[in-house]
Amino acid sequence: MALVASLTAPTAAVADFYTKHLEGLGFKAVPGDAVGAVASKDFVRNGNETVNVAVVEAAGVSTFTIGANVAVEAAK
């Protein structure tokens, strides 16, 4: 599944929010915070469930994409 959204918040605030939320769901952050100039964070749970959060900020608006591959019974 994937989600794309925008809001008026800095990149760090978006990344921090989703890091805390995903860790609360049992995901572990993978080392690394960017791909090139794009803020990007990967998470893994149970060895086969993954989530990526990528954020681009322009003119005070952060547009972010969340992509996930999770077990159906674990989706919330």
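The values are calculated or read from the model by the stated rules, or taken from the named source; none is laboratory data. The model shown is predicted, which means the values in this text are computed figures rather than measured ones. Cβ coordinates were reconstructed from backbone atoms using ideal geometry, including for glycine residues, and neighbour counts include every protein chain displayed. Heavy atoms of the whole protein, side chains included, go into the accessibility calculation; ligands, DNA and RNA do not. Shrake-Rupley method; radii C 1.70, N 1.55, O 1.52, S 1.80 Å.
Summary of values
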| read-out | value |
| --- | --- |
| Number of positions in segment 1-11 that are open to solvent by 60 Å² or more (accessible area, probe 1.4 Å) and either under 11 Å from the mean Cα position of the chain (by Cα) or aliphatic (A, V, I, L, M) (or both) | 5 |
| Members of segment 56-66 that are farther than 17 Å from residue 24 by Cα, under 9 Å from the mean Cα position of the chain (by Cα) and open to solvent by less than 30 Å² (accessible area, probe 1.4 Å) | 64 |
| Filter result (open to solvent by 50 Å² or more (accessible area, probe 1.4 Å) and touching a residue at least 40 places away in the same chain (Cβ under 8 Å)) within segment 19-55 | 25 |
| Failed item in (1) within 22 Å of residue 10 (Cβ to Cβ); (2) free of Cβ contacts under 8 Å to residues at least 24 places away in the same chain; (3) of a type outside the set (A, V, I, L, M, F, W, C); (4) in contact with an Asp or Glu (Cβ under 9 Å, 6 or more places away or on another chain), with residue 63 passing the rest | (2) |
